[in-house]
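See below for the structure under consideration.
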Amino acid sequence: MRFFLNRDVAPAPFLPEQFISETIEPCGCVFDAEAMAAGSPGVPSAFVWRGKEIRVKAVLSSSKTTRPCRNGSGERYIDKHLYRVETEDGWIMNLYRRRSGSKRDTWTLYTIQNKAEENE
């Protein structure tokens with residue numbers, strides 16, 4: 001199934017990956033418990049984006065970004081946890097969760113691409 005990301009315009013064929021940068025809402029409370037036990041946020045198994053429920057089929061990769069200590073100590077802290085996931089619909093999505101220590105931290109859908117376009 002292919003749907004348009006911009007509600008009025010079809011995705012450009014020469015842009016295999018599209019920038020989204022929108023907040024997503026995890027469904028229920030099913031997360032990756034193994035990752036959470038290691039101190040990372042567990043990737044939600046399903047989330048809502050633009051009113052549609054998206055189910056994660058597999059986590060393809062993960063990484064972290066760091067930032068300097070805000071108090072000037074020279075230490076570095078994790079800033080974001082980034083995940084590349086494949087959905088049950090065949091989309092490849094890059095998600096991240098900023099790590100500020102606030103309960104207001106949210107998940108963000110950063111980019112999306114159709115699986116068929118990934119290697120083009």
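Values for this structure:
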{"item": "Scope the range 37-52; condition at negative phi and surrounded by 11 or more Cβ atoms within 10 Å (Cβ to Cβ); matching residues", "result": "SER40, PRO41, GLY42, VAL43, PRO44, SER45, ALA46, PHE47, VAL48, TRP49"}
{"item": "Complete set of residues in the range 55-81 that are aliphatic (A, V, I, L, M) and open to solvent by 60 Å² or more (accessible area, probe 1.4 Å)", "result": "VAL59, LEU60"}
{"item": "Residue among ARG84, ARG98 that is open to solvent by less than 70 Å² (accessible area, probe 1.4 Å) and under 18 Å from ILE20 (Cβ atoms)", "result": "ARG84"}
{"item": "Odd one out for LEU95, checked against (1) modelled with pLDDT under 95; (2) assigned to a strand (DSSP E or B)", "result": "(1)"}
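The values are calculated or read from the model by the stated rules, or taken from the named source; none is laboratory data. As the structure is a computational prediction, the values presented were derived from the model and not from experiment. Cβ coordinates were reconstructed from backbone atoms using ideal geometry, including for glycine residues, and neighbour counts include every protein chain displayed. Calculation scope for accessible area: heavy atoms of the full protein, side chains included, ligands and nucleic acids excluded. Shrake-Rupley method; radii C 1.70, N 1.55, O 1.52, S 1.80 Å.
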